[in-house]
Amino acid sequence: MSHHKISVTVNGSTSDDEVESRLLLVHYLREVRGLTGTHVGCDTSNCGACTVMLDGRTVKSCSVLAVAADGADVLTIEGLAADGEMSPVQQGFQQCHGLQCGYCTPGMVMAATGLLLENPDPDEDEVREGIEGNLCRCTGYSMIVDSVRWAAEHGGAGDVAARHTAH
Amino acid sequence: MGSMVGAAVIRKEDPALLTGRGTFVDDIRLPGTVHMVYVRSYLAHARIVSIDVSEAAAKPGVLGVWTNADLEGLPPNRSVPGMERPCLARDKVRFVGEPVAVVVAADRYAAADAAEAVLVEYEELPVMASVEAATAEGAVPILDGLESNIVLEHVLSATDAEAELAAAPHRLAIHLKNQRCAAVPMEPTVCLADWQASGLTLWATTQTPHHSRNELAAMFGLSQQEVRVVAPDVGGGFGAKASCYPEFILTSELSRRLRRPVKYVETRSENMTSMVHGRAQDHEVEVGFDDDGALLALRVKITQDCGGWPDATGIGLPTLTSFMAGGCYKIPVIAPSFRSVVTNTTPVGAYRGAGRPEASFMIERVVDHVAAELGLDPLDVRRRNFVQPGEMPFATQFEGIVYDEGDFPGALAKLLESIDYDALRADRDARRDDPAKPLLGIGFSTFVEMGGFGPTPLFEQFGYVGGWESANIRLNTDGSAVVKVGTSPHGQGHQTAFAQIVADELSIPFERISLVHGDTAMVQEGIGTMGSRGAPVGGSAVFKAAGKVRDKAMKIAAHMLEADESDLELVDGRFSVKGAPDQGVSMAEVAVRSFKPHLLPDGFDLGLNETAYFEPSNLSYPSGAHCCVVEIDRDTGFVKVARYIAVDDCGTVINPLMATGQIHGGVAQGIAQALIEEVRYGDDGQPASGTLVDYTLPSAMDLPRYETDHIVTKTSFNPLGAKGLGESGATAAPQAVVNAVVDALSHLGVRDVEMPCTPQKVWRILAQKAS
Ligand code: FES
Ligand code: FES
């Protein structure tokens, strides 16, 4: 198995690592960078539990090789609460009970953040479409939709875009 | 009760989970951890001729490879005596996905590589992937030492009701199928075992840490104090994480052998064949009724597909189905019986509702069949047969199964306030003649189920030590409180709900109450979270423990204030003499005093630290009325849930926000069962739904916005009056949806559509009727 040197910025901090070429980005984040907030829920790219932002766009980090993220800027759930204050999306999920077990939640929050970056004021159908690639087995989605709508009305994606272009 | 119980408080759990700071089992890092990966059978039924591990064992990073033969003396998983499943297949494999060997390597990728290199030679055996095949003439027994594949048969009534059925003015035979479903918690099974000289610690995705501890201790011959099971954050369970899995035993044993922590992380594809499935029942029903739709007799023969090995929990499910066969109706005679059949498929266990959704689906479909047969409105048939509120407590014909409180007609009346039934019916009829519009159907489900599991005599039958739950509350010297409970939440929000109860009882601010759960080393005895028992049983234990703390604190306060206890009240965190609020002491002052022996009455026990066990006097019976409105696309057969309205009676609602969430989640799973989900096998036992590509879970696009409401009749079986509601949605929804689908197609002479009502199935019916 060949190894590669990669340099990836995650939540504003850059690190150089040598990784197997087949290592998935999600495992790189969890095992190499120790960021266990990003979860794995499937092996077929269906569930979205692993959703992160890669250079400002949401991706399923189980479908990206770590080597493909060389030189990239990754934002994970751990990096969303700038200065310890939860982002509007995170707050929305708490206010509207958009989570139960919390396993899908990091991916769902990242997907919702990505949606609000593209469309700051999505209606219910647009929210549902926007999070279609993220599965939740607990909530039945209604309260997730409410959470995203709440966020749209309380600051949207927050300062994510601004922080991303800063690098 | 004070102001917190009943308030829509946002959850204490959320900040950690929302910022990536939750701790799920796979997030736990122990130095030196090695990884276990299974070699699983790709055949459904075969004799193992040989296993060659040499190539795998030689791979880089591999610490070892083990087969059943290498684990001599390792006890099997617990189940029905004589049907215990070995952790790794011995001689034979019985379903696709059954583990044959394990590899342990330094990292997960290396272990997976090595697992691929294990060579297993099989001799194929005849596959019986369905009940029909497993019970056919000449079918060979799948389990050794048995004569047939029927592993359990039980008749639950003294009569077969034949006389009553024969005497009834009308008699209808109905076949109903409750298809096999998969629970699919978003977090699959994960465990991490660390066997030290002092004993075994297992972090596991389980709903029942104490029960798992007891099982592991018994299996390994350890004393229970040497075993610690921890369920940290758990990513959903839905009953399927109440079973003990071979990986819990194997990682423990291999950690003992390797003297290193051993972790196992299931992939989703493994999960689809490895975690217990649910439902998988067939019902042969006969119902007798009169011209007015009064139900006179019901006979139901249940066939439970158990899968390749009877699961310790799964084996009891048809008993619960039988008990609930009558639903919320007075039926003079009910004759249930069941047989449980072993097949070459994944074992079947608990899945949200576990036995009761099957009963509710059956009786609610039967009522609609009766209405169709008589040309009556399905609601009129329901109303004619309801157990009335004045008839509570209502003893069913099954011993101990007593509905204590409920208002079935009241729930339906409340439901009808939110829908214009006449207008919907008119719309439905009008659309039938308008090919441009989708068909519309209206379906109802008036249901009752079991919640608040115990009591102990019932729960013992599932292998648990009891049906009670425990709570300990300790006050710190600053007046803050730590609560320890024996329930093990995995999404239910116990941190929040139980803090609400304590806040009210002890007048301690909600923010100053924390909860410890899911760790057998930290928490006194416990049973776990399943069977809608969190609030009614766990919450009642918390309530009871709080009462004990309050009583003791009151004594101390009385001593401090030199007043009589009966003259004191606890308001806003202060004990004071009634009518003289300025003379008082705070809870924190009382807590400090509780540690000053020289300032307490002689012989007074120090501290405010009380434990309570709560045993419910019976099961509780959550009930309600749900309505589903569907639209069916005439060209594609696609069923869209246009509206879903739920009125639930779970007794006391502790937190309306979380109660609504529980209903939503359960209804979502019920709708998905009705329309989308089914675990399917080919005749060769190959799963046709082995990944999330083939086993489609509903996304946000597939599910509606739910309309929810409550009526409240409090159960008398626990001091909170809470009945539980985790399983109500999943119990109520499938038949509401299917009844709506059938209603939409009824003008075509359709009486039944089997779940899941997929577009293909519905389109085929439409096409057939059109030709
Ligand atoms: S883990 Fe399921 S999509 Fe990535
Ligand atoms: S909150 Fe449990 S899977 Fe979404």
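This table checks each residue for (1) touching a Cys at 6+ places or on another chain (Cβ under 9 Å); (2) in the same structural domain as residue B:666 (by TED's automatic domain parsing); (3) surrounded by fewer than 24 Cβ atoms within 10 Å (Cβ to Cβ); (4) not basic (Lys, Arg).
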position: B:692; (1), (2), (3), (4): yes, yes, yes, yes
position: B:696; (1), (2), (3), (4): no, yes, yes, yes
position: B:717; (1), (2), (3), (4): no, yes, no, yes
position: B:725; (1), (2), (3), (4): yes, yes, no, yes
position: B:728; (1), (2), (3), (4): yes, yes, no, yes
position: B:754; (1), (2), (3), (4): no, yes, yes, yes
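Residues that are β-branched (Val, Ile, Thr), without any contact (Cβ under 8 Å) to a residue 60 or more places away in the chain, outside any helix (DSSP H, G or I) and within 30 Å of residue B:674 (Cα to Cα) occur in the stretch B:295-313; there is at least one. Condition test on residue A:67, is it more than 7 Å from every other protein chain (Cβ to nearest Cβ), away from ligand 2 (no atom under 15 Å from the Cβ), touching a residue at least 12 places away in the same chain (Cβ under 8 Å) and over 17 Å from the mean Cα position of the chain (by Cα)? Here the answer is yes, as residue A:67 does meet what is asked.
Here is a list: B:614, B:575. Which entry is open to solvent by 10 Å² or more (accessible area, probe 1.4 Å) and modelled with pLDDT of 95 or more? Lay out the reasoning, then the answer.
On the way: B:575 fails: open to solvent by 10 Å² or more (accessible area, probe 1.4 Å).
Only one candidate qualifies: B:614.
Per the conditions (1) assigned by TED's automatic domain parsing to the domain that holds residue B:448; (2) of a type in the set (Gly, Ala, Ser); (3) within 24 Å of residue B:3 (Cα to Cα), the sole criterion not satisfied by residue B:553 is (1).
Might you let me know whether the stretch B:472-495 holds any residue that is within 14 Å of chain A (Cβ to nearest Cβ), out of contact with any Gly (no Cβ under 8 Å at 6 or more places or on another chain) and assigned to a helix (DSSP H, G or I)? Taking every residue of the stretch B:472-495 in turn, at least one turns out to be within 14 Å of chain A (Cβ to nearest Cβ), out of contact with any Gly (no Cβ under 8 Å at 6 or more places or on another chain) and assigned to a helix (DSSP H, G or I). Pick from B:726, B:749: which is in contact with a Lys or Arg (Cβ under 8 Å, 6 or more places away or on another chain) and either modelled with pLDDT under 95 or within 13 Å of chain A (Cβ to nearest Cβ) (or both)? Testing whether each residue is in contact with a Lys or Arg (Cβ under 8 Å, 6 or more places away or on another chain) and either modelled with pLDDT under 95 or within 13 Å of chain A (Cβ to nearest Cβ) (or both) leaves just B:726.
Residue A:99 falls short on exactly one of the conditions (1) more than 9 Å from chain B (Cβ to nearest Cβ); (2) modelled with pLDDT of 95 or more; (3) away from ligand 1 (no atom under 16 Å from the Cβ); (4) touching a helix residue (DSSP H, G or I) at 6+ places or on another chain (Cβ under 8 Å), and that condition is (1). Candidates in the stretch A:115-129 are the residues that are more than 9 Å from chain B (Cβ to nearest Cβ) and open to solvent by less than 10 Å² (accessible area, probe 1.4 Å); of these, the one that is farthest from residue A:38 (Cα to Cα) is A:122.
Among the numbered conditions (1) at pLDDT 95 or above; (2) closer than 29 Å to residue B:12 by Cα, the only one that residue B:525 does not meet is (1). Per this entry, residue B:251 is counted among residues that are over 20 Å from the mean Cα position of the chain (by Cα) and more than 16 Å from ligand 1 (Cβ to nearest atom).
All of B:271, B:214 fail the test of being surrounded by 24 or more Cβ atoms within 10 Å (Cβ to Cβ) and touching a residue at least 40 places away in the same chain (Cβ under 8 Å), apart from B:271.
For (1) open to solvent by less than 10 Å² (accessible area, probe 1.4 Å); (2) modelled with pLDDT of 95 or more; (3) outside any loop (DSSP other than H, G, I, E, B); (4) away from chain A (no Cβ under 14 Å), each residue gets a yes or a no:
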| residue | (1), (2), (3), (4) |
| --- | --- |
| B:685 | yes, yes, no, yes |
| B:709 | no, yes, yes, yes |
| B:733 | yes, yes, yes, no |
| B:761 | no, yes, yes, yes |
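Any residue in the stretch A:9-24 that is within 13 Å of ligand 1 (Cβ to nearest atom), of a type outside the set (A, V, I, L, M) and buried (at least 18 other Cβ atoms within 10 Å of the Cβ)? No, every residue in the stretch A:9-24 fails to be within 13 Å of ligand 1 (Cβ to nearest atom), of a type outside the set (A, V, I, L, M) and buried (at least 18 other Cβ atoms within 10 Å of the Cβ).
Is it the case that residue A:61 is within 13 Å of ligand 1 (Cβ to nearest atom) and at pLDDT 95 or above? Taking the combined requirement at face value, the residue satisfies it. Would you confirm, using the coordinates I've provided, whether residue B:406 is in a loop (DSSP other than H, G, I, E, B) and touching an Asp or Glu at 6+ places or on another chain (Cβ under 7 Å)? The answer is yes for residue B:406.
How many residues are farther than 23 Å from residue B:84 by Cβ, of a type outside the set (Lys, Arg) and open to solvent by 10 Å² or more (accessible area, probe 1.4 Å) if we restrict to the stretch B:317-332?
Residues of the stretch B:317-332 farther than 23 Å from residue B:84 by Cβ: B:321-332.
Keeping just the survivors that are of a type outside the set (Lys, Arg) gives B:321-329, B:331-332.
Remaining after also requiring open to solvent by 10 Å² or more (accessible area, probe 1.4 Å): B:323, B:331-332.
Adding up the residues that qualify gives 3.
Any residue that is outside any loop (DSSP other than H, G, I, E, B) and of a type outside the set (Gly, Ala, Ser) - is there at least one of those in the stretch A:36-43? The answer is no; no qualifying residue exists.
How many residues does the stretch B:214-249 contain that are farther than 28 Å from residue A:104 by Cα and not acidic (Asp, Glu)? Summing the residues that are farther than 28 Å from residue A:104 by Cα and not acidic (Asp, Glu) in the stretch B:214-249 gives 12. Does at least one position in the stretch B:337-354 carry a residue that is farther than 30 Å from residue B:146 by Cα and open to solvent by 10 Å² or more (accessible area, probe 1.4 Å)? Within the stretch B:337-354, one or more residues are farther than 30 Å from residue B:146 by Cα and open to solvent by 10 Å² or more (accessible area, probe 1.4 Å). Residues in the stretch B:113-122: is at least one at pLDDT 95 or above, within 14 Å of chain A (Cβ to nearest Cβ) and open to solvent by less than 40 Å² (accessible area, probe 1.4 Å)? Yes, that holds for at least one residue. For the stretch B:503-516, state whether one or more residues are over 23 Å from residue B:656 (Cα atoms), free of Cβ contacts under 8 Å to residues at least 60 places away in the same chain, open to solvent by less than 10 Å² (accessible area, probe 1.4 Å) and not polar (S, T, N, Q). Looking through the stretch B:503-516, none of the residues is over 23 Å from residue B:656 (Cα atoms), free of Cβ contacts under 8 Å to residues at least 60 places away in the same chain, open to solvent by less than 10 Å² (accessible area, probe 1.4 Å) and not polar (S, T, N, Q). The residue that is farthest from residue B:729 (Cα to Cα), among those in the stretch A:105-155 that are away from ligand 1 (no atom under 16 Å from the Cβ) and hydroxyl-bearing (Ser, Thr, Tyr), is A:113. Among the residues of the stretch A:34-61, those that are more than 16 Å from ligand 2 (Cβ to nearest atom), open to solvent by 10 Å² or more (accessible area, probe 1.4 Å) and within 12 Å of chain B (Cβ to nearest Cβ) comprise A:34, A:35, A:36, A:43, A:44, A:45. Do we find that residue B:314 is open to solvent by less than 10 Å² (accessible area, probe 1.4 Å) and at pLDDT below 95 in this structure? Yes: the conditions hold for residue B:314. Is it the case that the stretch A:119-142 has a residue that's closer than 26 Å to residue A:6 by Cβ, in contact (Cβ under 8 Å) with a residue 40 or more places away in the chain and in contact with a strand residue (DSSP E or B) (Cβ under 7 Å, 6 or more places away or on another chain)? Looking for residues that are closer than 26 Å to residue A:6 by Cβ, in contact (Cβ under 8 Å) with a residue 40 or more places away in the chain and in contact with a strand residue (DSSP E or B) (Cβ under 7 Å, 6 or more places away or on another chain), one finds none in the stretch A:119-142, hence no.
Just checking, how many residues over the stretch B:167-197 are free of Cβ contacts under 8 Å to residues at least 12 places away in the same chain and either assigned by TED's automatic domain parsing to the domain that holds residue B:734 or open to solvent by less than 70 Å² (accessible area, probe 1.4 Å) (or both)?
Of the residues in the stretch B:167-197, the ones free of Cβ contacts under 8 Å to residues at least 12 places away in the same chain are B:196-197.
From what's left, either assigned by TED's automatic domain parsing to the domain that holds residue B:734 or open to solvent by less than 70 Å² (accessible area, probe 1.4 Å) (or both): none.
Residues meeting the conditions: 0.
The values are calculated or read from the model by the stated rules, or taken from the named source; none is laboratory data. Computed from a predicted structure; not experimentally measured. When we count neighbours, we look across all protein chains shown, and the Cβ atoms used for this are built from the backbone with ideal geometry, even at glycine. Remember, those area values only see protein heavy atoms, side chains included, never the ligands or the DNA or RNA. Shrake-Rupley method; radii C 1.70, N 1.55, O 1.52, S 1.80 Å.
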